[in-house]
Amino acid sequence: MAKKESTFLNMVLTLFLVSAVASTTLGFVYELTKAPIAEAKRQKKLSAIKVVVPSFDNNPDGEMFKVPAGENGTDSLEVYPAKNGEEVIGYAIKTYTNQGFSGLIELMVGFELSGNIHNISVLYHAETPGLGDKMEEKKFPKWVGQFKGKNPSEHDLRVKKDGGELDAITATTISSRAYCDAVDRAHRAFEFINTQDQ
Amino acid sequence: MSRLKTFTNGFIKENPAFVLLLGLCPLLGVTTSAINGLGMGLATTFVLIMSNIVVSLVKDFIPAKVRIPSFIVIIATFVTLVGLVMEAYVPALYESLGLFIPLIVVNCLVLGRAEAFASKNSTLDSIIDGSGMGLGFTFALTLLGSVREILGSGSFFGMKFIEGDGMLVFVLSPGAFLAMGYLVVLINKINKKTA
């Protein structure tokens, strides 16, 4: 096939050329798609915020602030305040857990000012299709329905196996537990905001 | 071999998934639904055609001893390109295929065609071979995805036709092997008859 001989110089030159052309091409494409990718991610976040808090008229994306999370304070959660005019009507908190069946799960949890959970939306997960992915509202509304309108300070939002009051998704105790862990993390952040305001 | 035959070969006779059994990792991994299978298949087809074109164009300039690394770099470039474009313009599909897009690089189907066909044939033939093989692979992925989705979730391309769940095992990995096995039997049976 190849007409060129496999001398050392030829091989080095060829590989150099191939890699140079490849990396230049990718550099260009990366630059071209950078803006649309960021925009797609932002849209996704915004639509998640819209789902989890009552209707608002500000731009939560621009007013995002961070609060420390976790015991050692090394980590932080992003909080998106939802406002009507100047008045804050709720907080969308981006939270996570690493205890999912396949690791990381990211949720957007919306709190009303009273501390009640308005709604929860799943941003990212890699759970088993058909089992753990039922945590998404469109696939299994019953699960997230158990959280709506409840205040985590008054209700024990854990699965029944752990002594809480939630029915876990069938055959999906680990994912359900992880979900509760993420919600709990968001709730701690919410409490933190409340103590700051006073 | 006539050009038409080169093209149709990829579909039944030498279907990359069901007969050559190439590229099984993404095949079994992504086909939990028909739409995932279709998306993955089209992405692979694109990579296959593009890398076949480039490989057949540069085959004379590449010394035999470094051909595999060169092919891999070419393929990886197109895969990364597909990944970036997908993430930018069809984020929903990218999310469900995400993990498997980079795996197209090591899909033996793509490298196999570059090595076995494109490096020995003209550009036009390579394009035809790439499209045939790619569409055959897409067909296999979509078929397997449909079977698993119908049996496992009771829906077809996302449209539910039964209440509740189907046989969950078909959505999980063991079901992929089961469904795959029966489809291979079926295709082989058809092939035997026509041969």
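In the stretch A:162-177, what residues are closer than 24 Å to residue A:112 by Cβ and modelled with pLDDT of 85 or more? Working first, answer last.
Filtering the stretch A:162-177 down to residues closer than 24 Å to residue A:112 by Cβ leaves A:164-167, A:176.
Correct list: A:176 only.
Answer with yes or no whether residue A:45 is open to solvent by 80 Å² or more (accessible area, probe 1.4 Å), more than 8 Å from chain B (Cβ to nearest Cβ) and under 16 Å from the mean Cα position of the chain (by Cα). Lay out the reasoning, then the answer.
Details: open to solvent by 80 Å² or more (accessible area, probe 1.4 Å): no; more than 8 Å from chain B (Cβ to nearest Cβ): yes; under 16 Å from the mean Cα position of the chain (by Cα): yes.
When the stated conditions are applied, residue A:45 does not pass them.
I'd like to know if the stretch A:174-191 contains one or more residues that are open to solvent by 50 Å² or more (accessible area, probe 1.4 Å), in contact with an Asp or Glu (Cβ under 6 Å, 6 or more places away or on another chain) and either aromatic (Phe, Trp, Tyr) or within 30 Å of residue B:169 (Cβ to Cβ) (or both). Can you show your working first?
Let us first name the residues in the stretch A:174-191 that are open to solvent by 50 Å² or more (accessible area, probe 1.4 Å), namely A:174, A:177, A:184, A:188, A:191.
With in contact with an Asp or Glu (Cβ under 6 Å, 6 or more places away or on another chain) added as a condition, the list becomes none.
Within the stretch A:174-191, not a single residue is open to solvent by 50 Å² or more (accessible area, probe 1.4 Å), in contact with an Asp or Glu (Cβ under 6 Å, 6 or more places away or on another chain) and either aromatic (Phe, Trp, Tyr) or within 30 Å of residue B:169 (Cβ to Cβ) (or both).
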Here the residues within the stretch A:48-68 that are out of contact with any Asp or Glu (no Cβ under 9 Å at 6 or more places or on another chain), open to solvent by 70 Å² or more (accessible area, probe 1.4 Å) and not polar (S, T, N, Q) are A:50, A:57
Can you name the condition, by its number, that residue A:111 falls short on among (1) of a type in the set (A, V, I, L, M, F, W, C); (2) buried (at least 20 other Cβ atoms within 10 Å of the Cβ); (3) within 30 Å of residue B:172 (Cα to Cα)?
-> (3)
Restricting the search to the stretch A:116-129, which residues are among the aliphatic types (A, V, I, L, M) and either at positive phi or part of a loop (DSSP other than H, G, I, E, B) (or both)?
-> A:126
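Residues that are out of contact with any helix residue (DSSP H, G or I) (no Cβ under 8 Å at 6 or more places or on another chain): find the strands (runs of 3 or more DSSP E) completely inside the stretch A:34-115 holding 3 or more of those.
On the way: elements: A:65-69, A:75-84, A:87-100, A:103-112.
Those strands (runs of 3 or more DSSP E) span A:75-84, A:87-100, A:103-112.
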Among the candidates B:127, B:75, B:49, B:53, residue that is of a type in the set (Val, Ile, Thr), more than 22 Å from residue A:28 (Cα to Cα) and in a helix (DSSP H, G or I) = B:127
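Return the total of residues in the stretch B:87-100 being facing chain A (nearest Cβ under 7 Å) and surrounded by 19 or more Cβ atoms within 10 Å (Cβ to Cβ).
So in the stretch B:87-100, the residues facing chain A (nearest Cβ under 7 Å) come out as B:87-89, B:91.
Still in the running and surrounded by 19 or more Cβ atoms within 10 Å (Cβ to Cβ): B:87-88.
Number satisfying all stated conditions: 2.
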Residue check, residue B:13 away from every other protein chain (no Cβ under 11 Å) and not in a helix (DSSP H, G or I) = yes
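If I ask for residues that are open to solvent by less than 10 Å² (accessible area, probe 1.4 Å) and in a helix (DSSP H, G or I), which ones from the stretch B:56-65 would you list?
We begin by selecting, within the stretch B:56-65, every residue open to solvent by less than 10 Å² (accessible area, probe 1.4 Å); these are B:56, B:62-63.
The answer is B:56, and nothing else.
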Evaluation of residue B:88 against (1) free of Cβ contacts under 8 Å to residues at least 12 places away in the same chain; (2) within 28 Å of residue A:11 (Cα to Cα); (3) not charged (D, E, K, R) (one fails), failing number = (2)
Sort through A:88, A:122 and tell me the only one that's free of Cβ contacts under 8 Å to residues at least 40 places away in the same chain, β-branched (Val, Ile, Thr) and over 23 Å from residue A:57 (Cβ atoms).
-> A:122
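Select, from A:8, A:65, the only residue that is more than 9 Å from every other protein chain (Cβ to nearest Cβ) and either at pLDDT 85 or above or closer than 30 Å to residue B:69 by Cα (or both). Working first, answer last.
Numbers: A:65 fails: either at pLDDT 85 or above or closer than 30 Å to residue B:69 by Cα (or both).
Of A:8, A:65, the one residue that is more than 9 Å from every other protein chain (Cβ to nearest Cβ) and either at pLDDT 85 or above or closer than 30 Å to residue B:69 by Cα (or both) is A:8.
Taking the options A:169, A:174, name whichever one is closer than 22 Å to residue B:167 by Cα and assigned to a loop (DSSP other than H, G, I, E, B).
On the way: A:174 fails: assigned to a loop (DSSP other than H, G, I, E, B).
Testing whether each residue is closer than 22 Å to residue B:167 by Cα and assigned to a loop (DSSP other than H, G, I, E, B) leaves just A:169.
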Failed item in (1) open to solvent by 10 Å² or more (accessible area, probe 1.4 Å); (2) of a type in the set (A, V, I, L, M); (3) within 14 Å of chain A (Cβ to nearest Cβ); (4) touching a residue at least 24 places away in the same chain (Cβ under 8 Å), with residue B:127 passing the rest | (3)
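Pick out the one residue from B:42, B:21, B:4, B:103 that is surrounded by fewer than 21 Cβ atoms within 10 Å (Cβ to Cβ), away from chain A (no Cβ under 14 Å) and in a loop (DSSP other than H, G, I, E, B).
On the way: B:42 fails: in a loop (DSSP other than H, G, I, E, B); B:4 fails: in a loop (DSSP other than H, G, I, E, B); B:103 fails: in a loop (DSSP other than H, G, I, E, B).
Testing whether each residue is surrounded by fewer than 21 Cβ atoms within 10 Å (Cβ to Cβ), away from chain A (no Cβ under 14 Å) and in a loop (DSSP other than H, G, I, E, B) leaves just B:21.
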Criterion violated by residue B:84 - all others in (1) closer than 23 Å to residue B:185 by Cα; (2) surrounded by 19 or more Cβ atoms within 10 Å (Cβ to Cβ); (3) not basic (Lys, Arg) satisfied | (1)
Test: residue A:18 is within 14 Å of the chain's Cα centre (by Cα) and either of a type in the set (A, V, I, L, M, F, W, C) or surrounded by 18 or more Cβ atoms within 10 Å (Cβ to Cβ) (or both) = no
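The values are calculated or read from the model by the stated rules, or taken from the named source; none is laboratory data. Keep in mind it's a predicted model, so treat the numbers as computed, not measured. So basically every Cβ, Gly included, is an ideal-geometry build from the backbone, and we count neighbours across all protein chains shown. When the accessible area is computed, the model is the full protein with side chains, heavy atoms only, and any ligands, DNA or RNA have been set aside. Shrake-Rupley method; radii C 1.70, N 1.55, O 1.52, S 1.80 Å.
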